Amino acid sequence: MTTTVTVTASALAIGDELLSGRTKDKNIGHLAEMLTAAGIDLLEVRIVPDDEARIVEALNALRARYDYVFTSGGIGPTHDDITADAVAKAFGVNCGHDPDALALLSAHYAERGLEFTEARRRMARMPEGSRHIANPVSCAPGFIIGNVHVMAGVPSVFQAMLDNVLPTLNAGTKVLSDKVSCPYGEGDIGDPLSAIAKAHPDVNIGSYPRFSGQGFSTEIVIRGRDESAIGAARIDIESMLSTIRPADLTATV
């Protein structure tokens with residue numbers, strides 16, 4: 001039997017602008033892709049407004065349930081950037097200016113000939129006990145506390161921070177996938193495919209309908225961490241497809 005290791009993660013996207021539709025999230029898809037490649041299962045995503053109580057509630061639920069939590073948004077210089085305070089409250093610690101972050105940002109703005117304003121100093125605020133996440137794009141660091149990784153909402157900065165975080169994570173066994181092209185619609189294969197899925201609990205079987213303009217077909221995707229289990233499911237799917245008779249087919253999905 002193949003020994004597999006499962007590592008789980010969740011994402012918490014923070015910002016009124018995400019919920020109003022003013023800003024379209026680009027971080028969740030990137031995070032999911034990168035974590036999947038690393039063998040980490042992203043199992044839940046939440047989006048909450050710039051509201052301390054809502055952030056604390058969501059964060060405490062997620063960090064208790066998953067190995068890692070990744071947040072995006074709310075660590076900038078404006079009054080509604082309250083993520084650092086909310087994270088500190090969730091962990092029951094104080095939030096203040098981190099000396100190393102202050103020094104980093106002070107040097108950064110001095111080099112650019114810009115005033116290190118109180119608003120810019122806000123980006124150095126972190127919960128006590130935090131560790132920095134380097135930000136090669138705009139200098140202001142994210143931070144890690146416990147199993148929570150707090151990162152910027154700007155996609156280019158989020159991605160750069162994630163690149164620095166990924167090598168530090170415990171990776172699980174990577175998910176493998178296989179696909180079977182099915183010339184029939186989902187309605188024709190739904191019942192037998194459900195039976196196959198129940199017979200192979202060690203894999204996930206998904207069906208994705210296609211329409212060519214002339215008729216329906218389906219792409220069947222098998223995912224799992226055990227190559228032999230995926231192969232066994234494929235054999236049963238192919239066997240099922242070989243038994244379908246043209247007279248049994250419908251004209252719709």
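Looking at the stretch 29-67, which of its residues are open to solvent by less than 40 Å² (accessible area, probe 1.4 Å) and closer than 20 Å to ASP16 by Cβ?
Passing the criteria: VAL48, PRO49, ASP50, ILE55, VAL56, ALA58, LEU59, LEU62.
Could you list, in sequence order, the residues of the stretch 155-175 that are in a loop (DSSP other than H, G, I, E, B) and either modelled with pLDDT of 95 or more or among the aromatic types (Phe, Trp, Tyr) (or both)?
LEU169 - this is the single residue of the stretch 155-175 that is in a loop (DSSP other than H, G, I, E, B) and either modelled with pLDDT of 95 or more or among the aromatic types (Phe, Trp, Tyr) (or both).
Residue pairs, Cβ under 7 Å, 6 or more apart or interchain, first in the stretch 83-99 and of a type in the set (Asp, Glu), second open to solvent by 40 Å² or more (accessible area, probe 1.4 Å). List them.
The qualifying pairs are ASP85/GLU52.
Looking at the stretch 52-61, is at least one residue assigned to a loop (DSSP other than H, G, I, E, B), among the polar types (S, T, N, Q) and over 15 Å from LEU162 (Cα atoms)?
No; the residues of the stretch 52-61 include none that is assigned to a loop (DSSP other than H, G, I, E, B), among the polar types (S, T, N, Q) and over 15 Å from LEU162 (Cα atoms).
GLY21: open to solvent by less than 40 Å² (accessible area, probe 1.4 Å), on the phi > 0 side of the Ramachandran plot, more than 10 Å from the chain's Cα centre (by Cα) and touching a residue at least 40 places away in the same chain (Cβ under 8 Å), yes or no?
No; evaluated as a whole, the condition is false for this residue.
Give the residue, chosen from ALA124, ALA84, that is closer than 20 Å to ARG54 by Cβ, modelled with pLDDT of 95 or more, surrounded by 17 or more Cβ atoms within 10 Å (Cβ to Cβ) and touching a strand residue (DSSP E or B) at 6+ places or on another chain (Cβ under 6 Å).
ALA84
Looking only at residues that are exposed (fewer than 15 other Cβ atoms within 10 Å of the Cβ) and either of a type in the set (A, V, I, L, M, F, W, C) or part of a loop (DSSP other than H, G, I, E, B) (or both) in the stretch 222-248, which one is modelled with the highest pLDDT?
Result: ILE235.
The values are calculated or read from the model by the stated rules, or taken from the named source; none is laboratory data. None of the values given here were measured: they were computed from a predicted structure. Please note: Cβ atoms are built from the backbone with ideal geometry, for glycine as well, and neighbour counts cover all protein chains shown. Quick note on the areas: whole protein, heavy atoms, side chains included, nothing else; ligands and nucleic acids left out. Shrake-Rupley method; radii C 1.70, N 1.55, O 1.52, S 1.80 Å.
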